[in-house]
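First the structure, in the form of structure tokens, and then the observations on it.
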Amino acid sequence: MDISLESLLIRPLFMIELSLAEENYLKAIFHLAQQTDKVSTRAIAQHMDTKDSSVTNMLRKLSEKKLIDYEKRYGVSMTESGNKAALTIIRRHRLWEVFLVDKLGFKWDEVHELAEQLEHIQSPKLLEKLDLYLGSPTVDPHGDPIPDASGQMIIRKHQPLSEAELHVPLRLVRVRDDSSEFLQYLDLKGLQIGTHLQVVERISYDESLTLQVVQKGNIHISEKVAQNLLVSLI
């Protein structure tokens, strides 16, 4: 479930010192919380690829800092301060991805791991200057919205390509899967954020699609690929 979080304000939380591990956990909980009101310890452990006991110890630390509400056996929910802190981390990550692609010439499948490292630089002045230097972008190279300095995000109306009607002009605006393998596959198919296309055939046997892609011609993709591509009307 995508949520806009437009009502949340990012207040710099650098007075609350967070370790790299704490920031990683906070961001993971934030993303998991998009799907449910209460995030289980097991879900966090699976997401972080660690033991339940390690998660429990971290949850206690984050709870003491008032970033989450945690009650054993009842799950975890984000506090307002926790949401603001997580949005700040996400803002850093996505701005760094834009910088790496637009200014340093990295490919969109190369930047996630680098941005994972850069997102932990806790300098409000650097973040402000980075945003100004980039022209205050609203989306990252994968189409994910970038929270602005007040925590607002421009949320585009979109739908999975797998649900699109035939012969309707569309634009690719976001990818759900930002793994290197998936992005490299899209490169081979000539699909990028902003690509204009339309569905010209849907195969009933397996729900695979034939697309007409501007300046590329017709290509064929599976239903799984189509489910991971978000499009909007032109």
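Computed from backbone phi with θ = phi - 60° and the Karplus coefficients 6.51, -1.76 and 1.60, the 3J(HN,Hα) list for the stretch 18-28 is 10, 7, 4, 5, 5, 5, 5, 5, 4, 5, 5 Hz; x is used for glycine and proline.
Between Glu181 and Ser150, the simple spin-label model (points 7 angstrom out along Cα→Cβ) gives 4.3 nm. Lysine pair count for the stretch 30-168 with Cα-Cα distance under 17 Å and sequence separation of 8 or more or different chains is 8.
Taking amide H atoms as placed 1.01 Å from N in the peptide plane, the amide H of Arg174 lies under 5 Å from those of Leu230, each 5 or more residues away in sequence or on another chain. Under a 5 Å amide H cut-off, with hydrogens placed 1.01 Å from N, Glu201 pairs with Thr210 among residues at least 5 apart or on other chains. Using only the C-alpha atoms, the convex hull of the stretch 147-234 corresponds to 102 Å³ per residue. Among the GluC sites (Glu not before Pro) found in the stretch 11-77, those both in a DSSP coil and sparsely packed, with 15 or fewer other Cβ atoms within 10 Å of their Cβ, are Glu17.
Averaging 1/r across all pairs of distinct Cα atoms in the stretch 96-163 and inverting the result yields a Kirkwood radius of 13.2 Å. Among the listed options (1) 32, 25, 15; (2) 34, 21, 15; (3) 37, 20, 15, the one matching semi-axes √(5λ) of the Cα gyration tensor in Å as calculated from these coordinates is (2). Applying a DSSP loop filter and a limit of 13 other Cβ atoms within 10 Å to the trypsin sites (Lys or Arg not before Pro) in the stretch 147-185 leaves Lys157, Arg176. Computed with a 1.4 Å probe over protein heavy atoms only, the accessible surface of the chain comes to 55 Å² per residue.
Restricting the stretch 76-155 to trypsin sites (Lys or Arg not before Pro) that sit in a DSSP loop and have at most 14 other Cβ atoms within 10 Å of their own Cβ leaves Lys103, Lys107.
If you put +1 on each Lys and Arg Cβ and -1 on each Asp and Glu Cβ, how big is the dipole of the stretch 40-137 around its Cα centre, in Debye rounded to 20?
400
The longest part of the chain holding none of the exposed loop chymotrypsin sites (Phe, Trp or Tyr not before Pro), meaning those outside H, G, I, E and B in DSSP with at most 13 other Cβ atoms within 10 Å, is 75-204. For the stretch 169-174, backbone phi angles converted through the Karplus equation (6.51, -1.76, 1.60; θ = phi - 60°) give residue-by-residue couplings of x, 10, 10, 6, 10, 6 Hz, Gly and Pro being listed as x.
Per-residue Karplus couplings for the stretch 205-215, computed as 6.51 cos²θ - 1.76 cosθ + 1.60 with θ equal to phi - 60°, are listed in order as 4, 10, 6, 6, 10, 9, 10, 9, 10, 4, 6 Hz, Gly and Pro entered as x.
The H on the amide N of Ile146, modeled in the peptide plane, is under 5 Å from the matching H of Val139, Asp140, Ile154, each at least 5 residues off or on a different chain. Under the convention that each Lys and Arg Cβ holds +1 and each Asp and Glu Cβ holds -1, the size of the dipole of the chain around its Cα centre is about 500 debye. Farthest towards the positive end of the charge dipole of the chain, among the residues Pro169, Ser150, Thr195, is the Cα of Ser150, using unit charges on the Cβ of Lys, Arg, Asp and Glu.
The values are calculated or read from the model by the stated rules, or taken from the named source; none is laboratory data. For clarity, every value in this text was computed on a predicted model and none was experimentally measured. So basically every Cβ, Gly included, is an ideal-geometry build from the backbone, and we count neighbours across all protein chains shown. The area values use the complete protein model at the heavy-atom level, side chains included, leaving out ligands, DNA and RNA. Shrake-Rupley method; radii C 1.70, N 1.55, O 1.52, S 1.80 Å.
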